[in-house]
Structure formats: structure tokens, C-alpha cells
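The next block holds one structure in the form of C-alpha cells; read it before the comments.
The values are calculated or read from the model by the stated rules, or taken from the named source; none is laboratory data. Everything numeric in this text was worked out from a predicted model, so none of it was measured. Cβ atoms come from the backbone with ideal geometry, glycine included; neighbour counts cover every protein chain shown.
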Amino acid sequence: MAGRKQFDFCLNLKKQFPVHFTGNTLDAGSLDINGSNKFMFSGEYTGLDLGTGKNVDVICPVHKYKPGILFDCVISTEMLEHDRHYKKSLKRMFELLRTEGLLIITAATTDREEHGTYQTDRKSSPFTLDYYKNVTKEMIMNSLNMSKFLEFKLIIDEGDLFFWGVKI
């Protein structure tokens, strides 16, 4: 979780889709750097990231994660801009959703400054200091098959990308 807009976006989705916040949840990029998503969910919660730390249950790249179960909700807040395998990770997040599962994504897009790299601050993304790329609408649209969503919404707002979709 990065800031107020991301927090509000997620809480609004909880109001809109309350049942998705009570089942099995996967938090992709879960390390608690400046806030956690965990408090929003009342069911089984799995925090997934590349290294150990607060709020991390499983250490594994998203695109290689094979838990043997499907999730009611997969959430990834402020992680994709640090993931050189973002395309594979997005596809895997979708695959890990059950039918009618909810995918939630927030990410830095154009107009957001680079962060979490060797050249900037090392605390914002300690496991991926050698990669950063702002996530665009096109990157999301080209990585996910939108026809596989019952409904979805993608919003760009001053350096922030917000996406949610319900899997068919």
C-alpha cells in the first residue's frame, strides 16, 4: 500500500465486493514497507514476495507461484512497476483467481518518479533494486485478456494506475 489514493481505492472495492474480502486472498508483493493490505481481509490471507519481511508468508516470484489452490481475491498494490516479469506475473495472478474472483491492481504509471532502485531510495523495493518501469494502461491491456473478465475498470489518475476486474 503506498498512499491515500491506493488505500481509498481498495476500501471502496471492499464496499463494492464485500464477499471477495472474506475468502482466500493472495497479496502479490506483500512486504509491508509503508502499509499493509492484510487488515482489509477477514478470510485466509497469503502474503507473497521475493524475500523475508513483515507480512510475507511465502517467498516466490509471482509468475512462478504454484499454491495448488485458487483465490477469491488477488491483490497487488504498488508492486508491478518493480517486476521485470510483469506480463507473466499478471497472467499468473489471473490464473490464480477462481471463477468470479476479484483482481485488484494499483501501480505507478507515467508521471510518477522512479523509486526503489539503486539510483533512488533502496527502501521502497528492497528485492528489486535493479529494475523499475512505470506501468501503463497498454501494459495491462496487452498482458490480460479483458474478454475473460465479467467486468473491469482501469483508471489513470496523476501518476497512479488503478485496475479491478471480476473473472468470468
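Things to note:
- Restricting the search to strands (runs of 3 or more DSSP E) fully inside region 1-97 and requiring at least 2 residues that are without any contact (Cβ under 8 Å) to a residue 60 or more places away in the chain and of a type outside the set (S, T, N, Q) gives 45-49, 71-77.
- Residue among 5, 38, 91, 14 that alone is within 19 Å of residue 163 (Cβ to Cβ), under 14 Å from the mean Cα position of the chain (by Cα) and of a type in the set (D, E, K, R): 91
- Set side by side, the residues 99, 106 differ, and just one is within 19 Å of residue 164 (Cα to Cα), surrounded by 24 or more Cβ atoms within 10 Å (Cβ to Cβ), in contact with a Lys or Arg (Cβ under 9 Å, 6 or more places away or on another chain) and at pLDDT 95 or above, which is 106.
- Of all residues making up region 145-168, the number that are over 19 Å from residue 96 (Cβ atoms) and not in a strand (DSSP E or B): 2
- Residue match in region 103-122 (condition: under 16 Å from the mean Cα position of the chain (by Cα) and of a type in the set (Lys, Arg)): no
- Verdict on residue 123 being exposed (fewer than 14 other Cβ atoms within 10 Å of the Cβ) and in contact (Cβ under 8 Å) with a residue 40 or more places away in the chain: yes
Here's the yes/no breakdown for (1) crowded, with 18+ Cβ neighbours inside 10 Å; (2) more than 24 Å from residue 127 (Cβ to Cβ); (3) among the polar types (S, T, N, Q):
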| site | (1), (2), (3) |
| --- | --- |
| 34 | no, no, yes |
| 43 | no, yes, no |
| 47 | yes, no, no |
| 70 | no, yes, no |
| 79 | yes, no, no |
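- Unmet requirement for residue 131, which otherwise passes all of (1) closer than 23 Å to residue 24 by Cα; (2) of a type in the set (Ser, Thr, Tyr); (3) surrounded by fewer than 22 Cβ atoms within 10 Å (Cβ to Cβ); (4) touching a residue at least 24 places away in the same chain (Cβ under 8 Å): (1)
- The condition of being charged (D, E, K, R) and within 13 Å of the chain's Cα centre (by Cα) holds for only one of 27, 57, that being 27.
- Residue 142 meets the conditions (1) surrounded by fewer than 16 Cβ atoms within 10 Å (Cβ to Cβ); (2) assigned to a strand (DSSP E or B) in every case but one. The failed one is (2).
- Any hit, region 60-82, residues being over 26 Å from residue 141 (Cα atoms) and modelled with pLDDT of 95 or more: yes
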